[in-house]
Amino acid sequence: MNHKRTASLFLITGLTTMVLGLMFGVLGGFQYILPDFLKEPLTFQKTRPLHVYLVISFIFSSAVGCVYYFLPGVAGRKLYSPWLAFVHWLCHSLIIAVVITGFFCGHFSGREYLEFPPAMALVILGSWSLLIVNFFKTMPISFHRQPVYVWSWATGIIFFFITVTEAHLWVLPYFHNNIIRDLTVQWKALGSMVGSWNMLVYGTTIYVMERITNDKTVGQSKTAFFFYFLSLTNLMFNWGHHTYIVPASPVVKEVSYIISMTELLFIGKIIYTWRQTYIAARLNYHLLPYRFFTAGDFWVFLNLILAIIISVPAVNLYTHGTHITVAHAMGTTIGINTNLLLGCLLFVAFDRAPEFAARYKKYFMVSISLLNISLLVFWAALLICGVIKSNDALNSVPFATMMMHLQPWFVMFTAAGVCIMISLFLILFPLISIFFQSRNIAGKEIFVS
Amino acid sequence: MKRVPVFLTLIIIYIVYSGWVYTAGTSTAAAMNEKETAGKELFEVHNCESCHQLFGLGGYLGPELTTIISDRNRGPFYATALLKTGGGRMPDFHFNDAEIEALLAYLGYVDRCATTYKTASANRLP
């Protein structure tokens, strides 16, 4: 059993869930503009969780696949147990199959983003433990000397375990029977869980950047570690801006607001290194992963500005619960995570089967442009929806009238959603084909440390 | 930079903060009674949050429900009608009378807890 084969299986699983997730997302978009569309056979109460769960599965499957792919090279030794990794993939795929079947059959826990029945969480945690064992048994004991991407991976892996557990504390009556406690802990867990997958994605991106630029100082620099610790602080404490309206202790809001403002430092860094990034992007114009990373950088910038604005309590009062929050979520998951992950997956694809991957280069180039232009339209439509909804709510406009006001913008975001799906299909299907056909190639191990 | 001490310090603060959030930080609401809990369970198994929000958590296809009971333009009768038959985009879930009563009790509980929500609405510009 070869670890690269298992990594390829994770990547194929992730890409397949993305294809399905995009299809359910587009179906959900049509349900916004055509109220009777699939109203009885596949209600929105099913399409939304199917879409959300499947795209989150793409992020996790791809990020975990990349970790398995790169880990032995980084650790400078073989993966502790390739068989354990294979069993992890098997459990992971079975979980996805069971959860989506459950959604089709109408089995929900009714919890935002984690709508599967709570018993599944135990299986997820069990399967994730296999990754924990493999990761920490593979890494050398001198962990503190490792580059920043190893710290990011370790943090992402540990915090996913913690946050899935925390997100299921609601099964205890102590949490379930107090709505304020339940909602606050739910937002806390979900906010930090997003931070955990960001750690996995950013860690992989930094590693791939190091490989592309061949600059080994990237992962060990003081700046890199400063921003790692800043991200970790945000992962732990920056969830509270979702709960400004929840009547928990005001301290939750104050802590969150202060931490949110540290995001200004990320903005400062992006502006400071913008020219450098731009020049590098031009120099590496034909380097596909780098182009995806540059697009990701652009979305980090836009979303940070939006995040900082909506973290201001006086603004949050008007924007909370509107489509502006969705714009932020979509900008982050598609604009940042998907762009970065696709860059990493292309790097792996060219590493696995360079000649085969080169055949699809034309499609990949079209995909980058179409994806980011469509996403910009999608994002703008959601922001406009949010402003209209906020204004209508302020004027006590009835919900049905509000939906009529929003209808043209729903059409716009659905159309943009279709374009996003097409642009992603241009890259997803070739990548599935590349990883499937090259799944048995052992490949040469590149040890970087 | 001392990476390990910084990491451990953050972890300790995180654990202490989490403990505080689980207890004193969220002790402002009273616990639900049996009927309200039954309503909450119905709200969950029918995945109502995919379309409706409570305190801003949930979907956008249907209206926000945090203050539906005390809202003078909606109120319990409006909520009952929708629960009985469904609506434009809302399917008919065929709830029986006991289930509707439980759901209304739960929404009433949520409404009573929404103190900051009402203050916020009052503070918004006219």
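Key figures
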{"quantity": "A:M261 versus A:K78: modelled label distance in nm, points set 7 Å from Cα along the beta carbon direction", "calculated": "5.5 nm"}
{"quantity": "Calculated SAXS-style log₁₀ I(q)/I(0) at q = 0.11, 0.12 Å⁻¹ - the protein assembly as shown, Debye, Cα scatterers", "calculated": "-1.03, -1.24"}
{"quantity": "Shielding by partners - mean other protein chain Cβ count within 10 Å, residues of B:94-104", "calculated": "0"}
{"quantity": "A:T165-B:R3 pseudo-label distance in nm [points 7 Å out on the Cα-to-Cβ vector]", "calculated": "2.4 nm"}
{"quantity": "Violating pairs (Cα-Cα greater than 31 angstrom) within the set A:K253/B:K40; A:K46/A:K188; A:K389/B:K84; A:K4/A:K188; A:K78/A:K216; A:K253/B:K84", "calculated": "A:K4/A:K188; A:K253/B:K84"}
{"quantity": "Peptide-level mean, for B:27-37, of C-beta atoms on other protein chains within 10 Å", "calculated": "4"}
{"quantity": "Principal-axis tilt of helix A:361-394 within chain A, Cα atoms, nearest 10 degrees", "calculated": "20 degrees"}
{"quantity": "Folded to 0 to 90 degrees: helix A:148-167 orientation relative to chain A principal axis, Cα", "calculated": "40 degrees"}
{"quantity": "Tilt relative to chain A, helix A:250-261 - C-alpha long axis, 0 to 90 degrees, to 10", "calculated": "50 degrees"}
{"quantity": "Share of pairwise Cα separations in segment B:33-123, more than 18 Å, in percent", "calculated": "41 percent"}
{"quantity": "Ordering of A:421-428, A:330-337, B:90-97 by burial proxy (mean other Cβ atoms within 10 Å per residue, highest first)", "calculated": "A:330-337, A:421-428, B:90-97"}
{"quantity": "Student exercise, chain B dipole from Lys, Arg, Asp, Glu Cβ charges, in Debye to nearest 20", "calculated": "700 debye"}
{"quantity": "Segment A:M404-A:K137, length gained on full extension (0.36 nm per residue, minus Cα span)", "calculated": "90.4 nm"}
{"quantity": "Charge dipole (debye, nearest 20) of the protein assembly as shown; +1 at Cβ of Lys and Arg, -1 at Cβ of Asp and Glu", "calculated": "1960 debye"}
{"quantity": "Estimated FRET transfer efficiency when R0 is 25 angstrom, pair A:L90-A:F429 (beta carbons, to 0.05)", "calculated": "0.55"}
{"quantity": "17 Å cut-off, amide nitrogen to a point 7 angstrom out along A:L230 Cα→Cβ, residues in segment A:335-368", "calculated": "none"}
{"quantity": "Virtual spin-label span in nm between A:T101 and B:A24, 7 Å along Cα→Cβ", "calculated": "4.9 nm"}
{"quantity": "Average beta-carbon neighbours from other chains, 10 Å sphere, peptide B:10-17", "calculated": "3"}
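Coordinate-derived values only; no laboratory data. These numbers were taken from a predicted model, which means no experiment stands behind them. Because the Cβ atoms are built from the backbone with ideal geometry, glycine has one as well, and the counts that use them run over all protein chains shown.
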